[in-house]
Amino acid sequence: MKRAILIMWSFCAFLPLVAQPDSNKIFLPNAEKSSPKKIYMQVELMPEFPGGGDSLEIWIATNSRIPTVNNRKKGTTIYYQLVIDKKGNAGEVEFIHGGTNSQREEIIRLIESMPRWTPGLHEGKAKNVGIVMETTFKES
């Protein structure tokens, strides 16, 4: 009986992660047109923003039209998956949790204007790589 309850709970807990509606997925204009494309979530060398992770945070804070904060407790945090294609372009965004429409639109605007990343590499070849990110906007 306990085993059946545990299995049911596990299924229900992970269902939202699997059954995400496609309405949360947004394909940006610079997305690679190959369909369907394989997206790796883990590769030998992950994609890198020019200058590294700290540079990405500074770039977002500097270029955002909505003020951002580093402390999740002082704002609204939006979680999203970003795909960096083989050429280093941010190709698609899928929102996972949080944010108003205007905050999500701002994230899309920021991603569309990002410089090219260094693409992720696996077995010596550039791959399409999905990375999960978060941005916290200051509460107004």
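The values are calculated or read from the model by the stated rules, or taken from the named source; none is laboratory data. Predicted model, so just to flag it, every value in this text is computed and none were measured. Reconstructed Cβ throughout: ideal geometry from the backbone, glycine too, with neighbour counts over all protein chains shown.
Brief remarks follow.
- Selection of first residues in region 42-55 that are closer than 12 Å to Pro119 by Cα and of second residues that are surrounded by 14 or more Cβ atoms within 10 Å (Cβ to Cβ) and among the aromatic types (Phe, Trp, Tyr), restricted to Cβ pairs under 9 Å at least 6 apart or on distinct chains, gives the following pairs, ordered by first then second residue: Pro47/Trp117; Glu48/Trp117; Phe49/Trp59; Phe49/Trp117; Pro50/Trp59; Pro50/Trp117.
- Residues in region 66-94 that are loosely packed, with under 15 Cβ neighbours inside 10 Å, at pLDDT below 95 and under 20 Å from Ile108 (Cβ atoms): Pro67 only.
- Tally, over region 100-111, of residues that are surrounded by 12 or more Cβ atoms within 10 Å (Cβ to Cβ), in contact (Cβ under 8 Å) with a residue 12 or more places away in the chain and more than 13 Å from the chain's Cα centre (by Cα): 4
- Test: residue in region 81-88 that is touching a helix residue (DSSP H, G or I) at 6+ places or on another chain (Cβ under 8 Å) and either of a type outside the set (Val, Ile, Thr) or assigned to a strand (DSSP E or B) (or both): yes
- Inter-residue pairs, beta-carbon under 7 Å, first farther than 13 Å from Asn89 by Cβ and in region 120-140, second of a type in the set (A, V, I, L, M, F, W, C) and loosely packed, with under 15 Cβ neighbours inside 10 Å, 6+ apart: Leu121/Leu45; Gly130/Met41
- Reported count of residues in region 94-129, each being outside any loop (DSSP other than H, G, I, E, B), among the aliphatic types (A, V, I, L, M) and within 15 Å of Pro47 (Cα to Cα), is 4.
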